[in-house]
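Student: If you scroll down you'll find the structure; I have some questions about it.
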Amino acid sequence: MRTQVAIIGSGPAGLLLGQLLTNAGIDNIILDRVSKDYILGRVRAGVLEEGMVDMLDRAGAGERMHREGLPHDGFSLAFDGRDHRIDLFGLTGRRVMVYGQTELTHDLMDKREASGGSSVYEATNVMPHDFDGAGPYVTYEKDGVTHRIDCDFIAGCDGYHGVSRKSVPESALRTYERIYPFGWLGILAEVPPVSHELIYANHPRGFALCSMRSHTRSRYYIQCALDEKIEDWSDDRFYDELRRRLPAEHAENMVTGPSFEKSIAPLRSFVAEPMRFGKLFLVGDAAHIVPPTGAKGLNLAASDVYYLFDGLLGYYADKSLAGIDAYSERALKRVWRAVRFSWSMTTMLHRFPDTGEFGQKIQETELDYLVSSKAASTALAENYVGLPY
Ligand code: FAD
Ligand code: DHB
């Protein structure tokens with residue numbers, strides 16, 4: 001088999017890149033080790049920057065998002081028993097779109113199928129080869145048969161645990177990492193959100209986030225210890241703890257109902273540099289992870305795809321290597337800005353083992369400054385809606 005770009009991973013990064021390439025007439029094949037249904041069963045991000053919205057439109061997969069997604073002009077920071085609105089639109093002229101990663105992935109899969117794109121799911125032992133030489137190729141197994149795809153380039157869109165980054169010699173890679181001493185316990189429930197906008201809450205008992213997927217579906221998170229067990233968290237216990245961490249007006253108004261998804265996610269910051277090794281590119285979570293505070297993970301995958309697609313388009317349309325050569329540097333510049341922002345939101349809003357009463361006061365003072373200074377609010381808002389590509 002031969003293709004122009006072999007894409008490893010059918011998450012948002014791989015699907016978005018694949019669709020942009022297909023639309024531009026550049027042949028590509030997507031390989032994923034799990035099934036379509038498994039991918040669509042994962043509940044992950046929910047807030048899209050305008051850059052991501054534009055990319056979905058460019059891919060021709062934005063129609064349902066514009067119909068069903070919820071544009072948000074602001075969000076709240078809650079601390080010290082009070083709620084403070086950050087007016088994203090007033091401060092930046094931009095807004096965000098609340099639309100689940102699951103839905104976005106569904107739309108991109110549907111679009112790929114409609115445009116005849118080729119995807120292989122449940123491909124095992126996927127392996128990139130010879131990306132430092134002239135003839136890169138990818139091998140995989142399907143139903144006990146080994147296949148080989150020769151290609152011009154390999155896009156490693158296979159997430160943090162994927163094979164692409166692991167195939168690069170350790171000596172060629174520099175990694176940076178911070179592991180946070182807590183996780184997020186999240187639930188999805190068919191109940192109306194407690195507020196029409198998101199609430200990020202700092203509380204002495206720990207962080208809480210009230211998000212949503214629609215006017216009737218809520219996504220709630222609370223900071224938890226890393227060794228917490230899901231089985232120990234009944235819905236009632238979860239809602240009780242969430243209510244304790246919110247200002248009274250929200251706690252009193254919260255509608256509760258059975259959750260249909262409940263999971264714990266660890267928090268980490270991670271960056272691998274560079275993001276290109278010869279003809280192999282790392283894209284999205286394969287190259288970097290951010291803690292979810294600030295909703296940057298999925299959005300970074302979109303900006304990586306923007307830069308890589310630009311490079312590949314320049315190569316196929318004009319035989320130019322300039323965009324490909326610039327990929328890693330352009331992507332990493334934006335990645336580090338989001339890594340910094342996610343780290344600072346995480347640090348400001350969570351309870352750390354050494355936070356104590358002093359640390360709590362410092363956090364509240366920082367938050368108070370943030371919501372009362374236009375300059376500080378604008379800096380927060382401009383990062384939250386997403387820095388330009
Ligand atoms: P992924 O979505 O991870 O896709 C990678 C794909 O590669 C997967 O389909 C996987 O099956 C496939 N793959 C992996 N290994 C191989 C292999 N060896 N061979 C073939 N295929 C392979 N971000 C936010 O902004 N907000 C959130 O609330 C949020 N919550 C999250 C919760 C969890 C549990 C996780 C893991 C992430 C969360 N994120 C969140 C981050 C966000 O979901 C990711 O940044 C986003 O999914 C990145 O997309 P991606 O396409 O790069 O990687
Ligand atoms: C969601 C997740 C986030 O990390 C965030 O900052 C906002 C919303 C969500 O899943 O809805």
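Student: Say we look at the stretch 49-70 and pick out the residues that are within 22 Å of His215 (Cβ to Cβ) and over 18 Å from the mean Cα position of the chain (by Cα); which of these is farthest from ligand 2 (Cβ to nearest atom)?
Tutor: Residues of the stretch 49-70 that are within 22 Å of His215 (Cβ to Cβ), as a first pass: 49-50, 52-53, 56, 62-70.
Add one more test, that the residue is over 18 Å from the mean Cα position of the chain (by Cα), and what stays is 63-64, 66-68.
Values: Glu63: 21, Arg64: 18, His66: 18, Arg67: 19, Glu68: 15 Å.
The residue in question is Glu63.
Student: Just need a number here: residues in the stretch 1-31 that are in a strand (DSSP E or B) and either within 17 Å of Gln101 (Cα to Cα) or not charged (D, E, K, R) (or both).
Tutor: Filtering the stretch 1-31 down to residues in a strand (DSSP E or B) leaves 2, 5-8, 28-31.
Then keep just the ones that are either within 17 Å of Gln101 (Cα to Cα) or not charged (D, E, K, R) (or both); that gives 5-8, 28-31.
The number of residues fulfilling the criteria is 8.
Student: Also, I was wondering about something else. Would you check which residues across the stretch 189-213 are within 16 Å of ligand 1 (Cβ to nearest atom) and touching a Ser or Thr at 6+ places or on another chain (Cβ under 6 Å) and list them?
Tutor: Listed by number, the residues that qualify are Ala189, Pro193, Leu198, Ile199, Met212.
Student: Of the residues in the stretch 209-231, how many are within 13 Å of ligand 2 (Cβ to nearest atom) and closer than 30 Å to His66 by Cβ?
Tutor: Keep residues of the stretch 209-231 that are within 13 Å of ligand 2 (Cβ to nearest atom), which gives 209-214, 217-223.
With closer than 30 Å to His66 by Cβ added as a condition, the list becomes 209-214, 217-221.
Selection size over the stretch 209-231: 11.
Student: Name the pairs: first residue in the stretch 211-223 and within 13 Å of Glu197 (Cα to Cα) and in contact (Cβ under 8 Å) with a residue 60 or more places away in the chain, second residue outside any strand (DSSP E or B) and of a type in the set (Val, Ile, Thr), Cβ to Cβ under 8 Å, at least 6 apart or on different chains?
Tutor: Arg219/Val43
Student: Kindly indicate whether Leu242 is at negative phi and either under 19 Å from the mean Cα position of the chain (by Cα) or more than 16 Å from ligand 2 (Cβ to nearest atom) (or both).
Tutor: The answer is no for Leu242.
Student: Taking Thr293 as the residue in question, decide whether it is of a type in the set (Ser, Thr, Tyr) and open to solvent by less than 10 Å² (accessible area, probe 1.4 Å). Before the answer, list the steps.
Tutor: Working: of a type in the set (Ser, Thr, Tyr): yes; open to solvent by less than 10 Å² (accessible area, probe 1.4 Å): yes.
When the stated conditions are applied, Thr293 passes them.
Student: I would also like to ask the following. Quick test for you: out of Glu190, Glu241, Glu261, pick the one residue that is open to solvent by less than 20 Å² (accessible area, probe 1.4 Å) and of a type in the set (Asp, Glu).
Tutor: Values: Glu190 fails: open to solvent by less than 20 Å² (accessible area, probe 1.4 Å); Glu261 fails: open to solvent by less than 20 Å² (accessible area, probe 1.4 Å).
None of the other options fit; the residue is Glu241.
Student: Additional query: Scan the stretch 231-238 and tell me whether some residue there is buried (at least 17 other Cβ atoms within 10 Å of the Cβ) and either touching a residue at least 60 places away in the same chain (Cβ under 8 Å) or of a type outside the set (S, T, N, Q) (or both).
Tutor: Going residue by residue through the stretch 231-238, those that are buried (at least 17 other Cβ atoms within 10 Å of the Cβ) are 233, 238.
This time we only want the ones that are either touching a residue at least 60 places away in the same chain (Cβ under 8 Å) or of a type outside the set (S, T, N, Q) (or both), so: 233, 238.
Within the stretch 231-238, one or more residues are buried (at least 17 other Cβ atoms within 10 Å of the Cβ) and either touching a residue at least 60 places away in the same chain (Cβ under 8 Å) or of a type outside the set (S, T, N, Q) (or both).
Student: Collect the residues in the stretch 92-129 that are assigned to a loop (DSSP other than H, G, I, E, B), under 21 Å from Leu21 (Cβ atoms) and not hydroxyl-bearing (Ser, Thr, Tyr), keeping them in residue-number order.
Tutor: Scanning the stretch 92-129 gives Gly116, Gly117, Ala123.
Student: Among the residues of the stretch 318-362, write down those that are among the aliphatic types (A, V, I, L, M), in contact (Cβ under 8 Å) with a residue 24 or more places away in the chain and either under 27 Å from Ala379 (Cα atoms) or surrounded by fewer than 16 Cβ atoms within 10 Å (Cβ to Cβ) (or both). I'd like the intermediate steps shown before the answer.
Tutor: Kept after step one, since they are among the aliphatic types (A, V, I, L, M), are these residues of the stretch 318-362: 321-322, 324, 326, 331-332, 335, 338-339, 345, 348-349, 362.
If we keep only those that are in contact (Cβ under 8 Å) with a residue 24 or more places away in the chain too, we end up with 324, 331-332, 335, 338-339, 345, 348-349.
Once the filter is applied, which keeps residues that are among the aliphatic types (A, V, I, L, M), in contact (Cβ under 8 Å) with a residue 24 or more places away in the chain and either under 27 Å from Ala379 (Cα atoms) or surrounded by fewer than 16 Cβ atoms within 10 Å (Cβ to Cβ) (or both), the stretch 318-362 yields Ala331, Leu332, Val335, Ala338, Val339, Met345, Met348, Leu349.
Student: Determine whether Gly46 is at pLDDT below 95 and within 16 Å of ligand 2 (Cβ to nearest atom).
Tutor: Working: at pLDDT below 95: yes; within 16 Å of ligand 2 (Cβ to nearest atom): yes.
The answer is yes for Gly46.
Student: Moving to a separate point now. Within the stretch 36-91, which residues are part of a helix (DSSP H, G or I), more than 15 Å from ligand 1 (Cβ to nearest atom) and open to solvent by 60 Å² or more (accessible area, probe 1.4 Å)?
Tutor: Asp54, Asp57, Arg58, Glu63, His66, Arg67, Glu68, Phe89
Student: From (1) crowded, with 24+ Cβ neighbours inside 10 Å; (2) touching a helix residue (DSSP H, G or I) at 6+ places or on another chain (Cβ under 6 Å), pick out the condition that doesn't hold for Asp310.
Tutor: (1)
Student: Further question on the same structure: I'd like to know if the stretch 215-222 contains one or more residues that are at negative phi and more than 16 Å from ligand 1 (Cβ to nearest atom).
Tutor: Of all residues in the stretch 215-222, those at negative phi come to 215-222.
So of that shortlist, the ones also more than 16 Å from ligand 1 (Cβ to nearest atom) come out as 215-216.
Looking through the stretch 215-222, at least one residue is at negative phi and more than 16 Å from ligand 1 (Cβ to nearest atom).
Student: Moving to a separate point now. Pick out the one residue from Tyr160, Tyr137, Tyr220 that is surrounded by fewer than 21 Cβ atoms within 10 Å (Cβ to Cβ), modelled with pLDDT of 95 or more, touching a Cys at 6+ places or on another chain (Cβ under 7 Å) and not polar (S, T, N, Q).
Tutor: Numbers: Tyr160 fails: touching a Cys at 6+ places or on another chain (Cβ under 7 Å); Tyr220 fails: surrounded by fewer than 21 Cβ atoms within 10 Å (Cβ to Cβ).
The unique qualifying residue is Tyr137.
Student: Which pairs have Cβ atoms under 7 Å, sit 6 or more apart or on different chains, and link a residue in the stretch 74-98 that is under 17 Å from Val53 (Cβ atoms) to one that is open to solvent by less than 60 Å² (accessible area, probe 1.4 Å) and of a type in the set (Gly, Ala, Ser)?
Tutor: Leu88/Gly74; Leu88/Ala381; Phe89/Gly74; Thr92/Ala381; Met97/Gly69; Val98/Gly46; Val98/Gly69
The values are calculated or read from the model by the stated rules, or taken from the named source; none is laboratory data. Computed from a predicted structure; not experimentally measured. Note: ideal-geometry Cβ built from the backbone for every residue, glycine included; neighbour counts use all protein chains shown. These accessible areas exclude ligands, DNA and RNA; they are computed on the full protein's heavy atoms, side chains included. Shrake-Rupley method; radii C 1.70, N 1.55, O 1.52, S 1.80 Å.
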